[in-house]
Amino acid sequence: MPDVTQMIEKDHREVEGLFAKFKSTQDPKIAEQICTELEAHAGAEEQAAYPKFAEKDPELKKLVDEGEKEHGKARQLIGRIKQTSDADHLTDLVSELEQAINHHVHEEETEMLPKARDAIDARELEAARGGLRSRQALATLQSYRTPKGGIRRVEQRRKTVNSEEPCA
């Protein structure tokens, strides 16, 4: 059975796949899905994994603090993505978010998660997996709210531009 660190890595691979899909389609629905997944992932990490990591080792505490700052930067970009109604701006913002997430994932997977595996008993890491999943499910439900005129408007604009009907 995978532990919390393995679940975090699995989430990273899923989001990497969504970024690749967005690059090939520029579909606003994929951008929205990326935002939803990242919000859920970050919230779950902060509530279920990071506290367990931080209490075990002072070095892990520093890495957790850095991870939370990176989550804050990602949330700012997600907010901008949700507000944009311009397709080109959406593409630029998603690219910027991808770069920030790639940096975060690299640090987490090469520093934080290996240290967590060394500092925390395997049974505790397995037990923390349940907390991560339940927090993630709740965060996913809460993040399905999109501000009026944001990503969904980009999608509607594309449909209008691509339709046979004349624009008003």
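The values are calculated or read from the model by the stated rules, or taken from the named source; none is laboratory data. Note that this is a predicted model, so its numbers are computed, not measured. Don't worry about glycine lacking a Cβ; one is built from the backbone with ideal geometry, like all the others, and counts go over all protein chains shown.
Can you work out which of the residues in the range 8-62 that are β-branched (Val, Ile, Thr) and in contact (Cβ under 8 Å) with a residue 40 or more places away in the chain is farthest from Arg129 (Cα to Cα)? Spell out the reasoning first.
From the range 8-62, those β-branched (Val, Ile, Thr) are 8, 15, 25, 30, 34, 36; that's our starting set.
Retained after the next criterion (residues that are in contact (Cβ under 8 Å) with a residue 40 or more places away in the chain): 8, 15, 34, 36.
On the way: Ile8: 9, Val15: 18, Ile34: 22, Thr36: 20 Å.
Only one residue tops the list, namely Ile34.
Check every one of the helices (runs of 4 or more DSSP H) wholly within the range 1-69 and list those with 2 or more residues that are of a type in the set (Val, Ile, Thr) and under 19 Å from Ala127 (Cβ atoms). Walk me through how you get there before you give the answer.
Values: elements: 4-25, 28-44, 50-56.
Qualifying helices (runs of 4 or more DSSP H): 4-25.
This table checks each residue for (1) buried (at least 18 other Cβ atoms within 10 Å of the Cβ); (2) modelled with pLDDT of 95 or more.
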{"position": "Gly43", "(1), (2)": "yes, no"}
{"position": "Gln47", "(1), (2)": "no, no"}
{"position": "Lys62", "(1), (2)": "no, yes"}
{"position": "Gly67", "(1), (2)": "yes, yes"}
{"position": "Arg75", "(1), (2)": "no, yes"}
{"position": "Asp88", "(1), (2)": "no, yes"}
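Identify the residue in the range 49-58 that is in contact with a helix residue (DSSP H, G or I) (Cβ under 6 Å, 6 or more places away or on another chain) and of a type outside the set (Gly, Ala, Ser) and, among all such residues, is surrounded by the most Cβ atoms within 10 Å (Cβ to Cβ).
First pass over the range 49-58, keeping only residues in contact with a helix residue (DSSP H, G or I) (Cβ under 6 Å, 6 or more places away or on another chain): 49-50, 52-54, 56-57.
Cutting the leftovers down to of a type outside the set (Gly, Ala, Ser) gives us 50, 52-53, 56-57.
Values: Tyr50: 22, Lys52: 20, Phe53: 25, Lys56: 17, Asp57: 16.
The residue in question is Phe53.
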